[in-house]
Amino acid sequence: MKKANQAEEDFRDMSGALRASGYREKLVTVKPARAMLGGLLCALPFAAVFGAVYRLLLTDRAHLSDVGGIGFYAMFIGIVIVSALVHELLHGLGWALAGGRGWGAVRFNFSALMPSCACTAPLGRGQYIAGVLAPFVLLGGGSVVFMFVYPGTVSVLTMLVNFLLAGADLLIAFSAMRERGALIADHPTQAGYAAFRR
C-alpha cells in the first residue's frame, strides 16, 4: 500500500510522461457529494428491481433473521465491511487481469478507515471499464444469486449493500464509455480518471 502523497506523485509522473509523448490530458473526477448522490441514483434501479423480485417471488421461502436491535446493526455493519473489502479487491483483480499487467499495476489504500483501490497504469477504455465494473458484475450479480438460493434478511441486505457500493462505479463507467480511443488512468485519490489522447 502506498501513501496518498506518493500515489499522487506517481500519478503526476505518469501524466507528465504521457504528455511529453504527445498526449493531451483530460481530467474527469467527481466530488464526493456528487459521487454519493449520482451513485445512489445509478444503483437504486437495480436495488429496486431485485428488491421487488424478492418481495414478489421469494418471501414465501425467506429465512428471516430474528436478530434485533444492536445485533441487527452489527450484522449490517459486518456485511458492509466485508462487502467493501471484497469490492476493492475485485477492482484490483479486474484491472490486474484486463490490463494484463498483474498486481504490480494495482494500488490498495486505506483512508478514513475506508479501503480503496486504484490502477497505477494507463489502460485502454475497455480494460479500465472492466476493472471499474468488476464489483458491480461479480458482487452485485453474486448477491442476486445468493438471494435466490437463500432468500432472507442477510441475502437482501447483502444485495442492497453491494449494488449501492457500486453506484459511483456505474457513474464513472458511464463517463468512461464516452472516452473512445483514449488511454485512461485511474485517479489515485479521487473518484474518476484522466483520459489521454494524441
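Within the range 95-131, the only residue that satisfies the criterion of being touching a His at 6+ places or on another chain (Cβ under 7 Å) and at pLDDT 95 or above is 131. Scanning the range 135-153 for residues that are more than 24 Å from residue 98 (Cα to Cα) and touching a Leu at 6+ places or on another chain (Cβ under 8 Å) yields 147, 148, 151, 152, 153.
Within the set 22, 16, the sole residue that is farther than 21 Å from residue 138 by Cα and in contact with a Lys or Arg (Cβ under 6 Å, 6 or more places away or on another chain) turns out to be 22. Within the range 107-134, residues that are over 24 Å from residue 197 (Cβ atoms) have Cβ atoms under 6 Å from residues that are of a type in the set (Phe, Trp, Tyr) and part of a helix (DSSP H, G or I) in no pair, counting only partners at least 6 apart in sequence or on another chain. Cβ separations smaller than 6 Å between residues 6+ apart or across chains give the following pairs from the range 10-24 residues that are closer than 11 Å to residue 122 by Cβ to residues that are open to solvent by 40 Å² or more (accessible area, probe 1.4 Å) and not hydroxyl-bearing (Ser, Thr, Tyr): 15/25; 23/198. Among the residues of the range 135-152, the one identified as open to solvent by 10 Å² or more (accessible area, probe 1.4 Å) and in contact with an Asp or Glu (Cβ under 9 Å, 6 or more places away or on another chain) is 136. So, of the residues in the range 56-115 that are acidic (Asp, Glu) and assigned to a helix (DSSP H, G or I), which turns out to be surrounded by the most Cβ atoms within 10 Å (Cβ to Cβ)? Of everything passing the filter in the range 56-115, 88 is surrounded by the most Cβ atoms within 10 Å (Cβ to Cβ). Answer yes or no: is there a residue in the range 152-168 that is farther than 19 Å from residue 81 by Cα and in contact (Cβ under 8 Å) with a residue 12 or more places away in the chain. Yes - at least one qualifying residue is present in the range 152-168.
The values are calculated or read from the model by the stated rules, or taken from the named source; none is laboratory data. What you see is a predicted model; the values in this text were computed from it and never measured. Glycine also receives a Cβ, built like all others from the backbone with ideal geometry; neighbour counts cover every protein chain displayed. What goes into the accessible areas is simple: the full protein's heavy atoms, side chains included, and nothing from ligands, DNA or RNA. Shrake-Rupley method; radii C 1.70, N 1.55, O 1.52, S 1.80 Å.
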